[in-house]
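Have a look at the structure below before the remarks.
The values are calculated or read from the model by the stated rules, or taken from the named source; none is laboratory data. For clarity, every value in this text was computed on a predicted model and none was experimentally measured. Heads up, the Cβs are rebuilt from the backbone with ideal geometry, glycines too, and the neighbour counts pull from every protein chain shown. Just so you know, the surface numbers come from the protein's heavy atoms only, side chains and all, with ligands and any DNA or RNA stripped out. Shrake-Rupley method; radii C 1.70, N 1.55, O 1.52, S 1.80 Å.
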Amino acid sequence: MTEKAPVSVIILTLNEEENIEDCLKSVFGWSDDIHIVDSFSKDSTIDIARKYTQNIHQIPTAHWAHIRNWALKNLLLKYEWVLFLDADERLTEELKKEIVAVLKGSPKENGFYIKRRFFFLGRWLKHGGLYTSVLRLFKRNYTYYVEFGDSEYAVVKGKVGFLRNDMIHEDKKGISRWIEKHVKIAEREAKRIIEKKKIGLELDRNDVEIEGKRRVRIRAKIWDRIPLLLRPFLLFIYCYFIKLGFLDGKEGLIYHLLWALWYRLLVYVKVRELNLLPTRK
């Protein structure tokens, strides 16, 4: 049995009955401080979660950055170290053992990146820029989140490190729900573009680690200067051809057509639509 970790786990949920049990099983017994932050799910998410923890908190749906900041500020967490998970994510046994070993050594780092295997239609997409690291394990008093349109980024004060083992991301809710989600967040990104919102951080600061700093810098300083209608096509070419997404077979093709091409075109259409709203009668 994997040794227990001095880590408080926070899981965000909204109608996640298809995913939440696998997520909870992966941390139950490994952490004795598991918290669910739910945005008033209407399915059996909460009933399933109660089998694993009584620490269930409900707040209205909002941008993910705001929900994560609320959790860090308001939850009575048992440990200094916090691990954030989405309901469609789970830890591997190797990763759990590594986290225990690393924290036993009283690390100088205030946070750690974790590699994430992204599964789509049952296949691990290893290429196309999808096998990346996310900043999810950190000391709670050194961390906060910032929003940026359809994304949120962790900001950790001080040094961060990288863990060797992987977590799993596999959404079992189906493609229709995936499309519904992206229709909603496309409007967030469209509003950011129209309002010309910046990330609200000095990207060259040396005293903090901004999650995926290089990617954020490119998005803020280069991506936003590219004409909107060109972005879907350029992103598809980059991910599918330059980043070798084609090596992931038909599943890779479908995903990049949906995420890089369709979703980015949807953002463009949403921007056009929102710009037209004031002129409608």
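Ignoring ligands, DNA and RNA, please state the percent of accessible area on the stretch 169-281 from carbon and sulfur, probe 1.4 Å. Could the numbers behind the result be given before it?
Details: 4250 of 6990 Å².
Here it works out to 61 percent.
Please give the helix 263-276 orientation as an angle from the longest Cα principal axis of the chain, in degrees from 0 to 90, rounded to the nearest 10. Taking Cα atoms only, the helix is inclined about 60 degrees.
Would you list THR132, THR45 from the most to the least accessible area, probe 1.4 Å? It would help to have the intermediate numbers written out before the result.
On the way: THR132 45, THR45 0 Å².
Descending accessible area places them as THR132, THR45.
Of the chymotrypsin sites (Phe, Trp or Tyr not before Pro) found in the stretch 182-281, none is in coil by DSSP with at most 16 other Cβ atoms within 10 Å of its Cβ. Taking the DSSP bridge list for the stretch 1-148 and keeping only pairs wholly inside it, about 40 percent are antiparallel. Within the listed set VAL102, VAL160, VAL267, the residue fluctuating most in the Gaussian network model of the chain (springs between alpha-carbon atoms under 10 angstrom) is VAL102. Once all protein chains are placed together, VAL183 keeps about 60 Å² accessible to a 1.4 angstrom probe.
Measuring against 18 Å, Cα to Cα, the residue pairs LYS4/LYS25; LYS97/LYS213; LYS139/LYS181; LYS243/LYS270; LYS108/LYS139; LYS25/LYS51 contain LYS97/LYS213; LYS139/LYS181; LYS243/LYS270 as the ones spanning a longer distance.
Looking at the stretch 1-67, which GluC sites (Glu not before Pro) are in a loop (DSSP not H, G, I, E or B) and have at most 13 other Cβ atoms within 10 Å?
Values: sites: GLU3, GLU16, GLU17, GLU18, GLU21; in loops: GLU3, GLU16, GLU17, GLU18.
Within the stretch 1-67, the qualifying GluC sites (Glu not before Pro) (loop, at most 13 other Cβ atoms within 10 Å) are GLU3.
With contacts taken as Cα pairs under 8 Å at a separation of at least 6 residues, the stretch 75-171 carries a relative contact order of 43 percent.
Volume per residue for the stretch 119-172 equals 128 cubic angstrom (convex hull of Cα atoms).
A 1.4 Å probe over all protein chains sorts PHE119, PHE84 by accessible area into PHE119, PHE84, starting with the largest.
Given the DSSP H assignment, sum -39500 (n - 2.57) over each helix run of at least 4 residues in the chain and divide by its residue total; what's the result at 222 nm in deg cm²/dmol, nearest 500?
Values: 9 runs with 94 residues, N = 281.
Counting only the DSSP helices, I get -10000 deg cm²/dmol.
Computed over every Cα-Cα pair of the stretch 19-72 and binned at 10 Å starting from 0, the pair-distance distribution P(r) comes out as 22, 53, 25, 0 percent. The tail of the calculated P(r) for the stretch 94-213, taken as Cα-Cα distances beyond 18 Å, holds 63 percent of the pairs. Within the chain, DSSP assigns beta bridges of which about 50% are antiparallel (rounded to the nearest 5). Taking the 1.4 Å solvent-accessible surface of the stretch 1-154 as the whole, the part contributed by carbon and sulfur is 49%. Listed by chain and number, the aspartates and glutamates placed with their C-alpha closer than 19 angstrom to that of LYS221 are GLU147, ASP150, GLU152, GLU189, GLU195, GLU202, ASP204, GLU209, GLU211; residues fewer than eight positions away on the same chain are left out.
Please tell me the relative contact order of the stretch 123-250 in percent, rounded to the nearest whole number, where contacts are Cα pairs under 8 Å and at least six residues apart.
Values: 99 pairs, mean separation 53.7, N = 128.
Once divided by the residue count of the stretch 123-250, the mean separation gives 42 percent.
Using a 1.4 Å probe, what is the accessible area per residue for the chain, in Å²? Spell out each step's value before the answer.
On the way: 14380 Å² over 281 residues.
Here the residues of the chain average 51 Å² of exposed surface.
Calculated on the Cα set of the stretch 1-138, radius of gyration then Dmax: 14.9, 42 Å. Taking all protein chains together and rolling a 1.4 Å probe, GLU152 ends up with roughly 40 Å² accessible. Over the stretch 184-281, the pair-distance histogram of Cα-Cα distances with 10 Å bins from zero comes to 14, 37, 33, 14, 2, 0 percent, rounded to whole numbers.
If you wrap the stretch 79-161 in the convex hull of its Cα atoms and look at it from every side, the mean projected area works out to 6.7 nm².
Each 10 Å bin from zero holds the following percent of Cα-Cα pairs in the chain: 6, 26, 36, 25, 7, 1, 0.
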